[in-house]
């Protein structure tokens with residue numbers, strides 16, 4: 001009995017010491033709040049789109065270098081991609097950081113619709129927060145590794161062009177995750193959740209139709225309209241929607257269709273996305289999409305070619321890691337609004353026709369479950385390279401949709417910055433748990449091997465193309 005009592009006492013002391021250390025780590029993150037918020041705001045103001053994030057990646061590298069990280073720039077033949085590492089031995093834990101903005105949307109950090117003159121992109125998906133929060137987590141983990149003397153390497157991956165550019169896919173393809181033991185990520189959202197949420201696989205391409213121009217009134221018989229090709233293509237695809245699996249998604253935007261009604265356009269372009277839970281499902285729909293493009297060209301007397309722009313595998317869920325992340329998120333908790341933030345949130349909330357969530361839910365953590373999300377992310381390819389886990393935090397007003405002016409507004413002010421702190425703290429606690437819990441590491445790696453299957457071989461959905469560095473130009 002005496003031996004058992006001593007063991008219990010030793011365990012309690014160890015647990016208490018670990019708790020105190022974690023509290024110190026979280027206090028350190030709080031102490032650096034202004035730095036994290038300033039970084040997030042600068043990225044928000046710059047709003048650099050995919051593969052053009054020179055200032056944004058430069059600022060993140062500068063912060064990491066100043067905190068003792070070794071920087072490797074221009075990885076995977078992408079000028080704005082980088083890796084930053086601290087440590088020389090032990091488990092390698094990767095933290096992912098994004099920082100690209102969305103084109104074609106514009107909003108000030110106000111609770112009413114307000115454009116910023118001359119701006120044609122914004123952080124309506126919160127990647128400014130993603131970048132700043134992940135860098136803060138990496139710095140906090142580095143400080144803990146140094147102070148605790150725990151063997152381990154923390155590696156921050158600067159991953160550009162998540163929005164339609166698949167930056168991480170090229171990094172996976174280049175073997176940059178081959179020696180990583182675990183990868184951590186997070187995302188801006190309107191709720192706090194570490195649910196085991198998978199995503200849809202997807203592929204995109206720009207379909208380019210070429211015809212013959214002529215005067216639309218004086219010599220229409222001499223013309224073959226490239227725009228007719230695009231419109232015929234779109235009509236066939238829209239009819240095809242009735243005959244694809246329920247969980248599929250197909251969407252497009254005409255990126256070029258002519259300049260004047262009286263000039264028959266000899267060039268037109270449409271940009272397509274196809275999504276499905278299974279990569280094989282994407283392939284099956286994609287084959288029909290290509291057939292429709294050929295048919296549209298044949299029927300309109302035009303020619304068509306296409307360029308695959310990006311492609312992502314679905315996110316591979318790792319439940320042992322997801323449950324651990326859920327536990328850490330509950331330790332950190334949600335966020336509380338100040339009176340000023342509450343007023344801002346009420347203004348945003350009033351702009352919704354039918355709010356899907358109520359104000360106040362930002363202070364709670366959503367129940368854990370396993371679900372399918374209908375978005376797509378290049379984190380999916382990372383999750384097939386190494387056991388991967390993530391979370392979402394309430395950086396936006398409850399009920400806010402991603403890719404909206406409301407999400408952009410909150411991403412540029414304190415509500416977004418507070419949610420970023422929740423993410424940085426949770427990621428840091430998750431990394432510490434992985435460094436100090438060999439049983440969890442083993443369980444997660446076993447689950448990873450089972451989920452991939454014994455004969456798994458990686459295959460990207462964008463083929464062997466090089467990074468489309470000009471796809472946003």
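The values are calculated or read from the model by the stated rules, or taken from the named source; none is laboratory data. Fair warning: this is a prediction, and the values are worked out from it, not measured in the lab. Using ideal geometry, Cβ is built from the backbone for each residue, glycine included, and neighbour counts are taken over all protein chains shown.
Listed by position, the strands (runs of 3 or more DSSP E) inside region 230-335 whose residues that are under 20 Å from residue 463 (Cα atoms) and at pLDDT 95 or above number at least 3 are 267-276, 303-312. Here are some residues: 76, 140. Which one is in a helix (DSSP H, G or I) and either under 30 Å from residue 255 (Cβ atoms) or not assigned by TED's automatic domain parsing to the domain that holds residue 50 (or both)? Going through 76, 140 in turn, the sole match is 76.
Condition check ((1) within 29 Å of residue 311 (Cβ to Cβ); (2) crowded, with 24+ Cβ neighbours inside 10 Å; (3) touching a residue at least 40 places away in the same chain (Cβ under 8 Å)) across all residues:
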position: 108; (1), (2), (3): no, no, yes
position: 117; (1), (2), (3): no, no, no
position: 126; (1), (2), (3): yes, yes, yes
position: 139; (1), (2), (3): no, yes, yes
position: 151; (1), (2), (3): no, no, yes
position: 160; (1), (2), (3): yes, yes, yes
position: 169; (1), (2), (3): yes, yes, yes
position: 188; (1), (2), (3): yes, yes, yes
position: 199; (1), (2), (3): yes, no, yes
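Which members of region 37-64 meet the condition of being closer than 14 Å to residue 101 by Cβ and in contact with a strand residue (DSSP E or B) (Cβ under 7 Å, 6 or more places away or on another chain)? Residues satisfying the conditions are 47, 48, 49, 57. Taking the criterion of being over 19 Å from residue 270 (Cβ atoms) and touching a helix residue (DSSP H, G or I) at 6+ places or on another chain (Cβ under 6 Å), the only residue of region 214-233 that qualifies is 214.
Would you check if there is a residue in region 205-218 being surrounded by fewer than 18 Cβ atoms within 10 Å (Cβ to Cβ), assigned by TED's automatic domain parsing to the domain that holds residue 87, farther than 26 Å from residue 36 by Cβ and without any contact (Cβ under 8 Å) to a residue 60 or more places away in the chain? No. When you look at residue 345, is it surrounded by fewer than 14 Cβ atoms within 10 Å (Cβ to Cβ) and farther than 30 Å from residue 460 by Cβ, yes or no? Here the answer is no, as residue 345 does not meet what is asked.
Suppose the filter is within 27 Å of residue 104 (Cβ to Cβ) and either assigned to a loop (DSSP other than H, G, I, E, B) or in contact with a strand residue (DSSP E or B) (Cβ under 9 Å, 6 or more places away or on another chain) (or both); does residue 426 pass it? Judged against the criteria, residue 426 is not a match. Here residue 389 does not fit the description of being in the same structural domain as residue 273 (by TED's automatic domain parsing) and outside any helix (DSSP H, G or I).
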